[in-house]
Amino acid sequence: MSIDTFPEFSEIDLSHRTQVIDLLKKYPLEASEYTFTNMFAFRSTYNFKLSLLRDNLIILKDEEPLSVFCPVGNSNMPAVLDDLFDWMKDRTSDPCLERVPESFVSRYLENSDRFIAREERDHFDYVYDVKKMIELKGRSFHDKRNKVNKFRSLYEYEYLEITPDLVDECLEFEDDWCEVKECEKYYGLEKERCAILQMLFNFDNLKIRGGAIRIAGRIEALTLGESMPNDTFVIHVEKANTDIPGLYQIINQEFLIHEAGDNLFVNREQDLGMEGLRRSKMSYNPLKLIRKFRVTMK
């Protein structure tokens, strides 16, 4: 099924995967939001919809406050931005583009007399060197290395590549994790849970990669990700039993070894302004942060 032409929008389904991926490969954007998996998994949570405007892919968040992601393409971009903001002005009091990567801002919006781009620090992606994340060498990784070594001395474990046959076991782990964390009480965790279930239910069709750690016959950690352009692997999901010290470090390292070792970089997505998550992501010594912006009219 083809994506509708603007101003009509299509509900996202698996039939759009090839068309979206082809556009993302042709016009790559470095931010983690610009994968079909992200759009599909969060399509219900944020009411994402797709359209084509002057051959550019438009990603609409059709809920209050309504917004549009950065257009994917390079066809007639000044006219595309004018069309989008004119369309949004009739539907929201604060029309904006969000999750706009720095590369787009630099190319199309620098010194603009119509638009203002403001940083959204909570949505910056963290990018790391895959080899350093695997090897954990040097003083800066001393704490991570100690946790990994202590875990290996205390536990017998098995790393598993996730396949469709393993999905039910992964769903059981997700249910247990959310019961412990009381996901239903927290809007962010409930949104994340919905997206994870979509990734697992559609694991084979989405063609993503997954890894899990099994201890004493039970899955106690899992992670999901996929390759992006520019030799980068993106981690969409990483969860582990927090009662087992070192398990997060182990699933991170093992997954990169088995599934992402042929990439130079790994994008571990944003911290959403959560202080503990920001400390954790910074503790792995990011190579760089991918800056993202919110674009509004002057």
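Of everything in region 110-134 that is at pLDDT 95 or above and more than 24 Å from the chain's Cα centre (by Cα), the residue that is nearest to Asn252 (Cα to Cα) is Ile116.
Per-residue answers, yes or no, for (1) at positive phi; (2) acidic (Asp, Glu):
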| residue | (1), (2) |
| --- | --- |
| Ser93 | no, no |
| Ser106 | no, no |
| Asp129 | no, yes |
| Leu136 | yes, no |
| Lys144 | no, no |
| Tyr159 | no, no |
| Asp168 | no, yes |
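Figure legend. Inter-residue proximity from region 38-49: first residues closer than 22 Å to Asn267 by Cα, second residues crowded, with 18+ Cβ neighbours inside 10 Å and small (Gly, Ala, Ser), beta-carbon distance below 6 Å, spacing 6+ or different chains. Indicated pairs: Ala41/Ala195; Phe42/Ala195. Right, Ser2: part of a loop (DSSP other than H, G, I, E, B) and in contact (Cβ under 8 Å) with a residue 12 or more places away in the chain or not? Here the answer is yes, as Ser2 does meet what is asked.
Considering only residues that are outside any loop (DSSP other than H, G, I, E, B), in contact with a strand residue (DSSP E or B) (Cβ under 8 Å, 6 or more places away or on another chain) and surrounded by fewer than 19 Cβ atoms within 10 Å (Cβ to Cβ), which ones fall in region 73-87? Talk me through it step by step, then tell me what you get.
Filtering region 73-87 for residues outside any loop (DSSP other than H, G, I, E, B) gives 77-87.
Filter once more, keeping what is in contact with a strand residue (DSSP E or B) (Cβ under 8 Å, 6 or more places away or on another chain): 77, 80-81, 83-85.
Within region 73-87, Met77, Asp83, Phe85 meet the criteria.
Taking strands (runs of 3 or more DSSP E) that do not extend beyond region 111-180, which have at least 3 residues that are surrounded by 15 or more Cβ atoms within 10 Å (Cβ to Cβ)?
In region 111-180, 125-129 are the strands (runs of 3 or more DSSP E) which contain 3 or more residues that are surrounded by 15 or more Cβ atoms within 10 Å (Cβ to Cβ).
In region 24-40, the qualifying residues are those that are surrounded by 20 or more Cβ atoms within 10 Å (Cβ to Cβ) and part of a helix (DSSP H, G or I), and the one that is nearest to the chain's Cα centre (by Cα) is Asn38. Can you spot a residue in region 98-108 that is of a type in the set (Gly, Ala, Ser), crowded, with 16+ Cβ neighbours inside 10 Å and outside the structural domain of Ile219 (by TED's automatic domain parsing)? No, region 98-108 contains no residue that is of a type in the set (Gly, Ala, Ser), crowded, with 16+ Cβ neighbours inside 10 Å and outside the structural domain of Ile219 (by TED's automatic domain parsing).
Restricting region 31-52 to residues that are touching a helix residue (DSSP H, G or I) at 6+ places or on another chain (Cβ under 6 Å) and not hydroxyl-bearing (Ser, Thr, Tyr) leaves a set whose member that is farthest from Tyr128 (Cα to Cα) is Phe48.
Only residues that are without any contact (Cβ under 8 Å) to a residue 12 or more places away in the chain and closer than 25 Å to Lys26 by Cα: list them for region 83-106, please. Within region 83-106, just Ser106 meets the criteria.
Okay, residues lined up against (1) under 25 Å from Ser67 (Cα atoms); (2) of a type in the set (Gly, Ala, Ser):
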{"position": "Lys185", "(1), (2)": "no, no"}
{"position": "Gly210", "(1), (2)": "no, yes"}
{"position": "Lys239", "(1), (2)": "no, no"}
{"position": "Asp243", "(1), (2)": "no, no"}
{"position": "Ile250", "(1), (2)": "no, no"}
{"position": "Leu264", "(1), (2)": "no, no"}
{"position": "Gly273", "(1), (2)": "yes, yes"}
{"position": "Asn285", "(1), (2)": "no, no"}
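Among the listed residues Arg99, Arg17, Arg43, identify the single one that is modelled with pLDDT of 95 or more, in a loop (DSSP other than H, G, I, E, B) and among the basic types (Lys, Arg).
Every option except Arg43 fails the conditions.
The values are calculated or read from the model by the stated rules, or taken from the named source; none is laboratory data. Predicted model, so just to flag it, every value in this text is computed and none were measured. Reconstructed Cβ throughout: ideal geometry from the backbone, glycine too, with neighbour counts over all protein chains shown.
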